[in-house]
């Protein structure tokens, strides 16, 4: 079946540090891949996505590249800010049998200290 | 414009009682999803509605769980005879057409606590 594995947190960094959150997936065919973010007290929102191999999604300084050969979609940011503190979820989306759902990883909590 | 809204935001109920959770999707979105987020866990898919098609109920954990959607508008998730393991945040999302590459917009969730 389809599944997503992401690195366990929590992750604590100092401001301006480099961030990597690893995500690997298992799926048949070619899923779309997403990173969602949940800021404290807010709902889940899409951060970035990639729909085919070698695509790079980017938003707010975050990037992730769809790597089919390693079945990965690692999230990176060169210089984190305190405002990036949140829980990050990697997800894949597949249409199967005419219906469709997101499969999420367990989430990685990021805390950025000033 | 208005996003996805859910009500109530918090619900505390006694074990064995029935609860009903409501979701108002973004106007014009044909696809609607329910997910469950248990403490420290990722989101679990529950059910998916797409237009007038039969819903995908494959994620519902037991027959105590059911959901309805009226046309392309409001959806209600009903949990009968609640159990403590039902305690979780229940999230609703909607998307424009429900395709695999279509962004899902999430509501703020309903935090359900079963005592």
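Specify which of the listed residues (A:102, A:92) is modelled with pLDDT under 95 and more than 9 Å from chain B (Cβ to nearest Cβ).
Working: A:102 fails: more than 9 Å from chain B (Cβ to nearest Cβ).
Testing whether each residue is modelled with pLDDT under 95 and more than 9 Å from chain B (Cβ to nearest Cβ) leaves just A:92.
Provide a single number: the residues in the range B:73-87 that are surrounded by fewer than 21 Cβ atoms within 10 Å (Cβ to Cβ) and touching a strand residue (DSSP E or B) at 6+ places or on another chain (Cβ under 7 Å). Can you show your working first?
First, the residues of the range B:73-87 that are surrounded by fewer than 21 Cβ atoms within 10 Å (Cβ to Cβ): B:73-74, B:76, B:78, B:80-81, B:83-85, B:87.
Add one more test, that the residue is touching a strand residue (DSSP E or B) at 6+ places or on another chain (Cβ under 7 Å), and what stays is B:74, B:76, B:78, B:83-84, B:87.
Total meeting the criteria: 6.
I'm checking my understanding of the structure. Among residues of the range A:45-56 that are at the interface with chain B (Cβ under 9 Å from one of its Cβ atoms) and modelled with pLDDT of 90 or more, which one is farthest from residue A:106 (Cα to Cα)?
A:49
Give the residue that is nearest to the other protein chains (Cβ to nearest Cβ), with candidates limited to residues of the range B:19-38 that are surrounded by fewer than 18 Cβ atoms within 10 Å (Cβ to Cβ) and over 12 Å from residue B:113 (Cα atoms).
Start the filter on the range B:19-38 by keeping residues that are surrounded by fewer than 18 Cβ atoms within 10 Å (Cβ to Cβ), which leaves B:20, B:22, B:26-28, B:38.
From what is left, the residues that are over 12 Å from residue B:113 (Cα atoms) are B:20, B:22, B:26-28.
Details: B:20: 20, B:22: 15, B:26: 13, B:27: 17, B:28: 18 Å.
Top of the filtered list is B:26.
Looking at residue B:11, is it closer than 18 Å to residue B:81 by Cβ and either buried (at least 16 other Cβ atoms within 10 Å of the Cβ) or at pLDDT below 95 (or both)?
Numbers: closer than 18 Å to residue B:81 by Cβ: yes; either buried (at least 16 other Cβ atoms within 10 Å of the Cβ) or at pLDDT below 95 (or both): yes.
Judged against the criteria, residue B:11 is a match.
Within the range A:26-40, take every residue that is more than 9 Å from chain B (Cβ to nearest Cβ) and closer than 29 Å to residue B:110 by Cα and give me the one that is modelled with the lowest pLDDT.
For the range A:26-40, the residue satisfying everything is A:40.
Which one of these is buried (at least 19 other Cβ atoms within 10 Å of the Cβ) and within 14 Å of chain A (Cβ to nearest Cβ): B:54, B:67?
B:67
The values are calculated or read from the model by the stated rules, or taken from the named source; none is laboratory data. The structure displayed is predicted, hence computed values, not measured ones. Here the Cβ is made from the backbone with ideal geometry for all residues, glycine too, and neighbour counts use every protein chain on show.
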